[in-house]
Each structure stands twice: as structure tokens, then as C-alpha cells.
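Below is one structure; the comments refer to it alone.
Readers should treat all values here as calculations from the given coordinates under stated rules, not as data from a laboratory. Because the structure is a prediction, the values reported are computed rather than measured. Cβ atoms come from the backbone with ideal geometry, glycine included; neighbour counts cover every protein chain shown.
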Amino acid sequence: MKEATIPNAGGAASRRVEFVSTVGTSALGNLANALERGEVEADLDPKPVREAVRDPSALEKLDGGELEEALLELMRRDPKGASAELNTLLRMAEQAEEEGLEVNSIALIPTDTENCQVCARTVEGYLREEGYKAWRTEPIRATTEDPELFWLGLSDLIERLEETGVTEPSRDVWVAASGGFKPETAVLTLVASLFGKRVFYLHEAMKDLVEIPPVMPAVTDPRFVLGLMELRRRLGDGASADEAAMTLDELARDEKERERYKLFLVEAPGTGRIRPSPLTRLAESFLALGLLAAGARNYSVEIRAKGHTVPVDRGGGVKKADRATLSELPVEEDTRDILATVAALEGVSDRWYVTGEWTTEGTRRHERPVEVRSVRDDAVIVSVRDRRVHISRLRIPAEDPERVERALRYLAEALSRTG
């Protein structure tokens with residue numbers, strides 16, 4: 001299935017984007033092929049050039065200046081065919097142009113191996129000839145001869161990602177994950193995804209650029225995962241592009257989040273209908289993990305009683321009070337995480353009310369510790385029941401109670417599967 005084409009919400013203002021790419025040695029292998037076919041005129045033996053793809057010491061058999069000039073000649077003649085990095089970066093530039101973006105800079109992250117350094121210098125040189133502001137970072141330690149240094153190199157890589165803005169939320173950075181060792185690209189994709197950056201990949205056998213969906217932010221953003229579940233509910237049977245666009249407009253808080261949702265949609269072959277990709281099925285697993293992050297998110301909710309007292313966990317004992325914060329309720333952690341996640345949703349009031357009885361004796365573990373009892377125009381009424389407490393009626397005011405009801409159902413179902 002191909003990526004869905006969905007109308008954008010209004011016109012996007014022109015802005016700049018930065019590219020970051022690790023660098024491998026594919027250009028040497030491509031040069032060896034070109035030399036064997038007689039496509040590049042250079043006084044170079046293709047055999048040591050090919051050996052240099054994996055063995056930096058093979059470069060000692062070659063004239064360094066002539067090698068780099070031959071690489072540049074190949075890049076000028078067929079840039080996308082000459083280098084995996086150029087193939088990805090130039091297609092990313094085309095994508096940016098289609099989106100009305102200007103490429104501000106391209107950072108190349110090489111390893112400290114000489115074969116990688118040669119490729120990085122020539123890729124940088126070609127990009128500069130084409131008018132791009134390209135530059136190389138300090139190399140990372142990734143010598144293949146010493147496994148200990150190799151893993152230190154991954155630590156270096158994280159530092160380079162910090163230096164190039166990948167870990168800065170305010171910077172618009174796109175990441176190319178085609179070049180370099182496989183562990184490098186794995187770390188690169190993980191870190192970029194954690195910070196919500198767009199990650200692109202292109203294998204030599206592929207015709208089109210692939211954007212890797214940023215699944216990791218979903219783990220730390222329960223609201224986004226709930227949105228993915230809602231996306232599955234609304235578009236699971238397929239919808240027109242206009243219907244999908246309307247759904248995204250309703251779910252997304254801003255244009256950036258709208259683009260994130262679009263990455264999880266595909267166009268069904270032969271029908272043109274837009275439906276959620278298989279990745280959205282992972283949402284419940286993400287949510288089960290995301291509950292851990294939600295637990296510390298919103299304990300400022302105040303819970304008041306109307307004619308009753310509420311249970312308060314203070315100093316190792318449960319006491320009665322007219323009001324309490326969510327963090328003071330003597331409930332189990334997973335129960336609190338469900339309530340905290342709901343509290344983090346937009347449109348949910350930070351003042352809740354106990355309107356029924358509660359007890360801390362004789363309770364038992366229930367499969368779904370938080371259940372919806374009723375939905376009103378301005379609130380959801382839930383019961384809270386686990387091993388520590390039973391609150392028969394807890395009123396949660398909200399602007400969209402039906403949405404809160406669905407969120408609670410998703411949360412309870414995800415938790416019951418992993419409990």
C-alpha cells in the first residue's frame with residue numbers, strides 16, 4: 001500500500017528545514033562498479049577500490065587525490081546512483097521543495113574510518129557545488145577492529161545528534177537513515193523518533209523515498225495514542241480523502257500533529273480509500289507503556305466532595321478530607337495512571353467531584369478499575385474500584401464527555417490485556 005494523499009489544512013507558510021545524515025561507504029562500491037564498466041576515466045584499480053568499502057587499509061594501494069576526484073566525477077554524472085547518502089538527501093530535498101520548504105543546511109556525520117572520511121568529503125564537496133550549505137561534524141569512533149570502540153561510537157553519535165539539532169524540539173530537522181553501519185542507523189532512527197523528527201530511508205533496491213513513522217513519541221504521548229485509536233475507529237473500514245482530512249482536522253491540535261497522524265494512513269490499492277496502516281494496531285501496546293509516562297503528568301487535579309469526604313493517603317495512613325489532589329487518592333498506581341491520562345486530555349476540568357460513597361475496606365481487584373457509569377452533557381460519571389479503594393461515583397467534568405468515555409474504555413482495555 002502506498003502512503004495516503006490527503007489534502008492539507010490551509011496553506012503552509014514557507015520555512016527552512018535542516019538535514020542530518022550519517023555516512024557510509026556505498027560510494028566506493030559504486031565507483032568500483034563504474035570503473036569496471038569503463039564509465040569513469042581514472043587511473044585506479046577497481047579491486048582495491050571495492051576492498052576499501054569494508055577495509056580502510058585498502059586505500060593505501062590507491063592515490064588519494066585521484067580517488068576523490070573520481071568519486072566527484074561519478075557524483076556529478078549520476079549523483080543518486082553514486083551514493084546512498086546523496087540518493088536519500090537529494091530526494092529529501094525534492095520532498096522539501098514540494099512542501100514549500102527551503103533546505104537550510106545539511107550535516108554529515110562520518111565515522112573515524114578513513115574510507116568513510118573519503119566518502120564524506122566527496123559527498124560534502126558535491127553538495128557544496130550544488131549550492132547546499134553542507135558540513136561535516138567531528139567523526140564518531142566506530143572502528144570495526146575494536147568492538148568496545150564501536151559502542152563508544154554510538155555514544156558519540158548521540159552527541160552529534162545533539163549538536164545538529166535533532167534533540168531540539170524547536171528546530172525543524174529531517175534525518176536521513178540510509179548511510180552508515182546498521183547499529184548507527186538504528187540509534188539515529190530511535191533518537192530522531194523520540195524527538196518527533198521526520199526520518200527518511202531509501203535502500204538501493206527502492207524506487208521511492210520511505211518516511212519512517214515516528215512511533216516513539218506515541219509511547220510518551222498518551223493523547224496521541226488515543227488519537228490513533230480514534231483514527232482506527234473512524235477510518236477502519238476506509239474513507240475518501242476528504243473524509244480522512246476532516247477526521248484529521250478534528251483530531252489534531254496543530255498542523256505538526258496533523259502531519260504525524262498522516263504518517264499512519266495509507267491508500268488501499270485499487271480503491272483509493274484511505275485507511276489506517278497496520279502500525280496503528282500497535283497503539284494499545286504503546287499506550288500500555290505510555291501509562292508509565294502519564295502517571296507523573298497531571299496530579300494537580302483537585303477532587304472535592306459534595307456532602308461526603310474523600311479518601312486521602314497521607315503519612316502511611318488513609319484519612320478523610322473535604323478535598324484532595326489526584327496524587328493523594330489511595331489507589332493503585334495503574335488506576336492512578338488511567339485517571340492521570342484522562343486528566344491530561346484537553347477539555348477535561350482540573351476539578352472533579354466525589355458524588356457517591358467510597359470505602360477502603362473489603363475491596364478486591366477488578367479487571368477494569370475505572371468504569372464509566374454514565375455520560376452527561378458536561379461530565380462523565382465513573383466508578384473507581386481496585387484493591388485499595390472503591391469510589392462508587394466520581395464526576396469528571398469535560399467539554400467532550402463522549403470522547404473521555406472512549407478514552408477510558410481504551411485505557412481500561414489496554415491495561416487489562418497487559419495486567
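Ordered by the number of other Cβ atoms lying within 10 Å of each residue's own Cβ, fewest first, Phe181, Phe264 fall into the sequence Phe181, Phe264. Protection proxy ranking for 269-276, 22-29, using the average of other Cβ atoms within 10 Å per residue and placing the highest first: 22-29, 269-276.
Take 342-351, 95-104 and order them by the average number of nearby Cβ atoms within 10 Å per residue, most first; the result is 342-351, 95-104. For the range 74-82, the Karplus equation 6.51 cos²θ - 1.76 cosθ + 1.60, evaluated at θ = phi - 60°, returns couplings of 5, 5, 5, 6, 8, x, 6, x, 7 Hz by residue, with Gly and Pro reported as x. Using θ = phi - 60° in the Karplus curve 6.51 cos²θ - 1.76 cosθ + 1.60, the 3J(HN,Hα) couplings for the range 240-253 round to 6, 4, 5, 5, 5, 4, 5, 5, 5, 4, 6, 7, 7, 7 Hz; x is entered for Gly and Pro. Packing, as the average of other Cβ atoms within 10 Å across residues, places the peptides 115-121, 389-395, 240-246, 369-375 in the order 115-121, 389-395, 369-375, 240-246, highest first.
Exposure proxy shown here: for Leu251, Leu157, the number of other Cβ atoms within 10 Å sets the order, fewest to most, as Leu251, Leu157.
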